[in-house]
Amino acid sequence: MRTAAASLLLTVPVAAAVTAAPAPAAAQALCTPPRVMVVLDKSSSMQTGTIGGQTKWSLAVGALDTVLTEIEGSAEVGLMTFPQPNECGPGALDVAPALNARGAIMGTLSSPPPTAGNWTPMAQTLDAAAAEPTLIGTDAPRYVVLISDGWQWCSPYDPGTRYDGVDAVGNLNAAGVTTFVVGFGGAVDASALSAMAVEAGTARAGCDPTNDEPTDANPCYYQADSEAELVAALLDIADVVDDELCDGLDNDCDGLVDEGLTQACGTACGVGVETCSAGTWGGCDAPLPGAEVCDGVDNDCDGASDTGCECVTGETRPCGETSDVGACQPGVQTCGADGTWGACEGSVGPGNEMCNAVDDDCDGETDEADQGGDDVGMGLCGPGEQCVAGECEPLDPVFPEAEDEEPEVGSPAGCGCASGDGHGGGGAVGMVLLAGVVGVGIRRRSRGARRAA
């Protein structure tokens with residue numbers, strides 16, 4: 001809402017403001033201040049009822065003077081009072097809505113209501129406002145601000161008319177007029193005023209629409225019990241009325257259109273903010289639902305992630321061999337883009353032990369014989385070789401024992417008898433055989449000696 005100084009600037013003639021930077025002509029042409037009709041209760045109770053020793057009428061007039069001084073340059077304000085001409089006649093127009101109408105309105109309010117005879121035809125007056133040409137004959141935002149100190153009442157009182165004001169607010173809604181409801185003093189019909197505020201769509205945040213008394217907490221309408229509270233209520237309403245709207249118009253007449261307007265928005269995936277541009281809300285930055293992919297995220301925002309997926313793309317898990325002893329090692333499976341596990345890669349299981357300084361069969365031992373032989377490394381290499389530190393090396397040569405012993409004289413090898421004993425031939429034959437045996441032994445020793453050398 002504007003300050004009084006800001007409002008005053010709006011009323012300075014163009015010729016007197018030659019030193020000020022003018023707003024763009026196009027923006028000025030779009031300046032459409034809101035139109036507000038104050039519908040004021042002028043029943044006799046406003047004059048006979050008092051708050052703090054002052055009549056409610058004088059307090060209400062003082063509050064309006066304060067608020068109009070604040071907003072008269074930024075909103076077109078008019079006045080209807082009820083009843084007119086007296087008793088229970090529907091209210092009628094006193095001042096047509098216009099900028100800077102404070103003087104005209106204050107002049108009309110200088111005459112207080114009579115102390116008797118004026119009743120409270122709220123509903124009838126709201127119906128008249130819904131048809132008032134000076135209120136509804138504009139494309140600008142339109143508002144009614146109802147201020148009353150009592151109940152819907154005409155003499156004789158008809159209880160069936162208590163909530164007629166709710167239907168009258170509905171008629172204002174249909175005419176494109178937004179209604180704010182203000183109860184002044186402790187004699188108002190809290191239940192009916194709350195219902196009217198709810199129907200108007202201006203119920204206060206967190207209000208209790210079941211309230212029956214003006215002293216109940218959290219009323220849906222504005223409850224004011226002093227001039228200061230009435231001023232506060234009207235200024236709060238003026239802040240709403242004077243706000244820029246998303247309609248492509250310069251509602252606050254500052255030379256800008258739809259400036260700084262944002263509102264909450266959302267999708268199935270979350271909340272965001274959208275911005276007004278050229279009279280239209282758009283550009284909500286809330287995340288949008290997308291196609292479900294296997295990434296651990298609920299992409300389509302249906303409350304479940306990775307529907308139909310075996311795994312999350314890029315995820316890995318061990319597979320194949322479970323041991324990591326020796327040459328053995330587990331493999332790895334990777335989840336593909338389609339959400340299924342790929343082939344097991346890198347798995348190494350136990351194999352035949354080889355002479356390579358590796359535990360090929362994964363039993364915790366290295367280069368042990370598993371193909372024959374009693375010693376470690378035997379059987380892993382070819383004939384005449386042994387595995388040592390991962391290499392096949394030749395075995396040390398093995399020789400037969402040397403035949404060093406001479407045959408006992410008289411008992412040559414292979415001879416079953418002593419020479420000359422009369423058995424097995426004569427002595428000459430025996431000597432020949434002996435000489436042959438000795439020769440053979442000498443040759444064997446010679447070959448053995450050469451081998452050893």
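The values are calculated or read from the model by the stated rules, or taken from the named source; none is laboratory data. All figures in this text were calculated on a predicted structure; none of them were measured in a lab. Neighbour counts are summed over all protein chains in view; Cβ atoms, including those assigned to glycine, are modelled from backbone coordinates with ideal geometry.
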Would you say GLY326 is in a loop (DSSP other than H, G, I, E, B) and under 28 Å from VAL293 (Cβ atoms)? no
Taking LEU230 as the residue in question, decide whether it is surrounded by 15 or more Cβ atoms within 10 Å (Cβ to Cβ), in contact with a Cys (Cβ under 8 Å, 6 or more places away or on another chain), closer than 30 Å to THR138 by Cβ and not charged (D, E, K, R). no
Residue within the range 196-209 that is assigned to a loop (DSSP other than H, G, I, E, B), of a type in the set (Asp, Glu) and more than 35 Å from the chain's Cα centre (by Cα) present: no
For the range 248-292, how many residues meet the condition of being touching a strand residue (DSSP E or B) at 6+ places or on another chain (Cβ under 6 Å), surrounded by 15 or more Cβ atoms within 10 Å (Cβ to Cβ) and not in a strand (DSSP E or B)? 7
Looking only at residues that are out of contact with any strand residue (DSSP E or B) (no Cβ under 8 Å at 6 or more places or on another chain) and among the charged types (D, E, K, R) in the range 148-169, which one is surrounded by the most Cβ atoms within 10 Å (Cβ to Cβ)? ASP164
Go through (1) closer than 26 Å to ASP167 by Cα; (2) hydrophobic (A, V, I, L, M, F, W, C); (3) under 51 Å from the mean Cα position of the chain (by Cα) for ALA101 and report which single condition fails. (1)
Restricting the range 77-91 to residues that are in contact with a Ser or Thr (Cβ under 8 Å, 6 or more places away or on another chain) and outside any loop (DSSP other than H, G, I, E, B), which is surrounded by the most Cβ atoms within 10 Å (Cβ to Cβ)? PHE82
Can you tell me which residue in the range 298-314 is nearest to GLU244 (Cα to Cα), limited to those that are surrounded by 14 or more Cβ atoms within 10 Å (Cβ to Cβ) and not hydroxyl-bearing (Ser, Thr, Tyr)? CYS301
Selection from the range 101-113 of residues surrounded by 15 or more Cβ atoms within 10 Å (Cβ to Cβ) and in a loop (DSSP other than H, G, I, E, B) yields ALA101, LEU109, PRO113
When the range 181-195 is checked residue by residue, the ones that are more than 38 Å from the chain's Cα centre (by Cα) and not aliphatic (A, V, I, L, M) are GLY183, PHE184, GLY185, GLY186, ASP189, SER191
Pick from the range 210-243, criterion of a type in the set (Val, Ile, Thr) and part of a helix (DSSP H, G or I), ranking: nearest to VAL61 (Cα to Cα): VAL231
Go through the range 67-89 and count every residue that is touching an Asp or Glu at 6+ places or on another chain (Cβ under 7 Å) and at pLDDT below 95. 3
